[in-house]
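Written below as structure tokens is the structure these notes are about.
The values are calculated or read from the model by the stated rules, or taken from the named source; none is laboratory data. The model shown is predicted, which means the values in this text are computed figures rather than measured ones. Cβ placement follows ideal geometry from the backbone for every residue including glycine, while neighbour counts extend to all protein chains displayed. Just so you know, the surface numbers come from the protein's heavy atoms only, side chains and all, with ligands and any DNA or RNA stripped out. Shrake-Rupley method; radii C 1.70, N 1.55, O 1.52, S 1.80 Å.
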Amino acid sequence: MESPAPVNGVHNKLVEQIVRTPSRQPSPLPTHLSVPGTNPRLLHETGPGYVAPKFEGKEKQMETVMDQLEEKGFIPPDFVESETNWFYNELGIDDMYFSTETPDAIVNHIHSLYAAKVAAYARDDKRLEIRLDKEASDHAVYIDTSKPGITVMNGPKYEQRIDEKYLNGSTSSRSYRVETFRSASLLPGGSEQQLRCYFVYQCEFNNPNAGPEEIRIDEIGEKKFLQKATENTKKIYQDIIEAAVARTGPVIEFFDIKDSRDKRLVLAYKQGSALGLFSALSDLYHYYGLTSSRKYVEQFSNGYTVMSIYLRSVSGSVVTSRFPPIEASIHQIIKEISLLYCIPQNKFQAHFATGKLSLQETIYAHCVWVFVSHFLNRLGSEYTTLAHLLDLNNSLHVELLSKLKKRLRTETFTADYILEIINQYPDLIHLLYLSFASTHYVQTRGEQDDFIPTLSYLRIKVDKVPSDEELANSISDSVANEHHNMVMTAFRIFNKAVLKCNFYTPTKVALSFRLGADFLPSEEYPQPLYGMFLVISSEFRGFHLRFRDIARGGIRIVKSRSHEAYAINARSLFDENYNLANTQQRKNKDIPEGGSKGVILLDMHHQDKARTAFEKYIDSIMDLLLPPTSPGIKDPIVDLHGKEEILFMGPDENTADLVDWATEHARERGAPWWKSFFTGKSPKLGGIPHDHYGMTTLSVREYVLGIYRKLNLDPSKVKKLQTGGPDGDLGSNEILLGNEQYCAIVDGSGVLVDPNGLNRDELVRLAKKRVMISEFDLSKLSSEGYRVLVEENNVKLPTGETVHNGTTFRNTFHLRDGSLYDLFVPCGGRPESIDLSTVNKLIVDGKCSIPYIVEGANLFITQEAKLRLEKAGCILYKDASANKGGVTSSSLEVLASLSFDDEGFIENMCVREDGTVPGFYQQYVKQVQGTIKTNAALEFEAIWREHQDTGEPRSILSDKLSVAITKLDEELQGTELWDNVQLRESVLSDALPNLLLEKIGLHTIMDRVPDNYLRSIFGSYLASRFVYEYGISASQFAFFAFMNKRMARLRE
């Protein structure tokens, strides 16, 4: 039977036709939205919901104002009374303004308005143009002429100024409320203009120190608001604040107004989570042919903002025919506010404000601009050809290639150049968006849905959705040159790469895209990615990359001290993420999970928004992991990946204190895997904190101790340099567990040096307190010791040398005279702190000045630089081998969470509120520490032995060892060995911690832990034990002998 034609003429995919993920279960959603199609609440009060306290001195003030106007003589005496009456009684200004302003200020405002009228009379077009602003320390007034429903691109932009100066920086301690309204009558001149007045007042709270969970309106409300708001308005705000506090993103409601088609839109969100939203909202409702009669922005001392907007259709038959009725528009606006909340001010806002493109089209273009800026700066076939021609064993050739790669990526396509190109092609953006929307938009209510997706989407019926070939032809026909072609073609690549996204989910806090990674060139990224997430918000952009379906790795937040630093971080963001995940893949050789990593880069203007960015990043990725089945809130999405995905994450730079929130949030959103979602969480949630138990450092120490053991060195006589100070996880635990003679420590605050050895007791004090070297007691230094902080300049050292810039000194200190140290342990610092361009500073007369380096910090030294150092005689163990203790601890934490049911997990793995530690937890932690030491010692011995036999650099052997184990692991998982139940149970009994086996039992664990995870445990254990024992290049016969021994044990 043929389905009836849709009411609005738009054919969209039905939910049932979407590629659905198998066995996905419903999930509650922690956000709130008025659902289209439901009955909105009706407001019975017809006024604005505010009643200003009567200003008793108003009549007297009017007389004073008129006296001053007559005295000044600018306005003719016959007009003084009429102009004053017009200002006081016809513009709709309430009594709060008159009670706040002085007569002098009011006289100035009336003069300004009259002057504008005079100026308009002198103009040929007779157009009245009023622009009046006054900014005081605690309040501001802006008055402007405004044509309803029109965004003025070259006007005074008062709303943007209010955003930037007063609203964006709002906190519970310093914030501003805004009242704005449009005059009821039109201004003279016949141009359909009205006056738009804005009044900004600094907030005074009854309780300025309310906590974020406080929701009582009388406690958190601002004094003027509580004084002016009607009981009905207070009730509306009370309800919406309660909803906002309980949820992650914005809360959006609308109300019908009795006996009117006007609508009241109310929006609540966390202060500072959507900068520029006030002005952007005007562009949104203007786009749909609506205008506002009144707007209010209220701040609350619990950290929330509430906006209330009274909307009506723009009058005029021509205008009305262009737009859908307000009843349809209001639903669309509500849906798009969530999109606007993610990126209030996108890079193509001008196209939206002028009506050339819809909000969805401009935000789509913004997201692709981010994508292009990361993936268009590729090196090209010429670079690949050159790389094949050069000798990669020649250090000069390698250095040349390295410098060429950096220059090509920096100079070819800058973000600004890409933006400039995209801005030239709004028509192409429209076509490319249609292609994207036709794939990912879902019509949730069937063919009878009368809800209009967007005006731009409506054109799908009018403008045929182009095929990929047609898009390619349109781009070729439209662009000016090859560079422009490359940029616009990248939109097609993006469209093809998106497997699922939350772009059309009605409520969201950031935009997330699950991408296929096939578009990445294998010459640059030889190890293929299994999965890639791209997340974009106004505060940040971020990736999550993984090399296997079952993979684990930390989430880090990258901050930038300057615009230059941000530009560098943005250029290297994806490559850094890829390399970190790849390193994680290599160091995860002993555990079932493959490698993954997430990196969040804070926008330059949002360096203080780390927590906000993290919360948005996690929540938006969860949108793509959990089934969205709350109608109108989390609608179904198009899932071209078609497989259930679970991510395992952990803490990294700047996120250690945020993982508890992520765990709790996953539980609140109904994620069945909440216990295992994040490792490194607090013990009360069953976490095993790496820093508290020194998990990562235990592994690093095994390599340091291994060198001492092999070379018969006395640790107490070893002179040591360390980057990463006593405030960090690795740095503090390295100090506490080691007993070397520290000669220098570098951390975020500066450099601390003493050639005679830094006072150990003082270092231990700092490490236990977790503070930087800036708190070191300088009286504990010898006469040759010194400290230089990053903010210090022109510091004279005991040697007589002058340090001109403390920051530069800190950043390059590890490259200074290495002959003062025997051992260097990087425990912190930015990736590539030693590369081919700087490594020669550590090589003197062909010999490395530092004999031993154990790389605790990830990617601190580039692979090429490691090889140069080893060639110069350095004994160097790289990060992928040395710092794998943390991943081992995390993996065993995940295993425990998967093995226990919820009740058993809370009883045995969660520390009580009073601090009582379960006995099982204490024993399990000790077993984890023992496993870390064992695995590290096994790998150390294997690499040392292989180096002795072959002479191959340890940095290469470390990679080869990882590849050998992970390759064999994957092969074993696909063999029939797994089907041998007796062997399977034997291997798992050896691989699983004894404590879990004793507490839960092997078969119960096998029932609870996912099958693919158990296969990974099986494969990784057999593979690692074989390679550690028989070596990297062991033959098939060796593996046959290895397995024969295991099978013989089964027969005994």
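Nearest 10 degrees, 0 to 90: what angle lies between the long axis of helix 277-287 and the longest principal axis of the chain (Cα atoms)? The helix 277-287 is inclined about 60 degrees to the chain. Given +1 at the Cβ of Lys and Arg, -1 at the Cβ of Asp and Glu and no other charges, the dipole of the stretch 500-567 around its Cα centre is 380 debye to the nearest 20.
Given R0 = 51 Å, the distance between the Cβ atoms of F1037 and E204 translates into a calculated FRET efficiency of 0.05.
Think of the stretch 954-1052 as a dipole: +1 on every Lys or Arg Cβ, -1 on every Asp or Glu Cβ, centred on the Cα centre; then among G1031, A964, L1014, G1031 lies furthest on the positive end. According to the Cα-based calculation, Rg over Rh for the stretch 908-998 is 1.12, with Rh computed by the Kirkwood formula. Annotation for T64 and A472: the two label points, set 7 Å from Cα along the Cα-Cβ direction, are 7.7 nm apart. To the nearest 10 degrees, how steep is helix 58-72 against the longest Cα principal axis of the chain, on a 0 to 90 scale? Roughly 80 degrees between the two axes. Computed from the alpha carbon atoms alone, the convex hull of the stretch 751-909 holds 156 Å³ per residue. Pairs from the table (K347/K464; K589/K643; K157/K616; K500/K643; K597/K967; K224/K609) lying more than 18 angstrom apart at Cα are K347/K464; K589/K643; K157/K616; K597/K967; K224/K609. Rounded to the nearest 20, the size of the Cβ-charge dipole of the stretch 249-330 about its Cα centre is 100 debye, with Lys and Arg at +1 and Asp and Glu at -1. Projecting the Cα atoms of I600, S890, G272 onto the charge dipole of the chain (Cβ charges, centred on the Cα centre) puts S890 farthest toward the positive pole.
For S682 and Q948, the FRET efficiency from 1/(1 + (r/R0)^6), where r spans their Cβ atoms and R0 equals 30 Å, is about 0.10. Each principal axis of the Cα cloud of the stretch 647-761 was taken in turn, and the coordinate range along them, longest first, works out to 57, 34, 22 Å.
Between helix 760-769 and the chain there is an angle of about 40 degrees, using the helix long axis and the longest principal axis of the Cα atoms. Measuring r between the beta carbons of N485 and H563 and using R0 = 35 Å, the FRET efficiency lands at 0.70. Only the Cβ atoms of Lys and Arg (+1) and of Asp and Glu (-1) were treated as charged; on that basis the dipole of the chain about its Cα centre amounts to roughly 1580 debye. Taking each of K559/K884; K681/K878; K235/K508; K720/K768 in turn, the alpha-carbon distance tops 23 angstrom for K559/K884; K681/K878; K235/K508. Label positions at Q527 and D259, each projected 7 Å from the Cα along the C-beta direction, are separated by 7.2 nm. For H351, H388, the ranking by accessible surface with the largest value first comes to H388, H351, using a 1.4 Å probe. Per the Debye calculation on the stretch 261-345 with a single equal scatterer at every Cα and no solvent contribution, log₁₀ I(q)/I(0) for q = 0.13, 0.18, 0.20 Å⁻¹ amounts to -0.42, -0.75, -0.90. G738 sits among other residues whose Cβ lies under 10 Å from its own Cβ, and their net charge, with Lys and Arg +1 and Asp and Glu -1, is +1. With all protein chains kept in place, the per residue accessible area of the chain amounts to 40 square angstrom at a probe of 1.4 angstrom. Between M1047, H139, V844, the Cα set farthest toward the positive side of the dipole of the chain (charges on each charged residue's Cβ, about the Cα centre) is that of M1047. The shape of the stretch 69-122 can be summarised by an equivalent ellipsoid whose semi-axes, obtained from the alpha carbon gyration tensor, come to 19, 13, 11 Å from longest to shortest.
Annotation: the antiparallel percentage among DSSP beta bridges lying fully within the chain is about 70.
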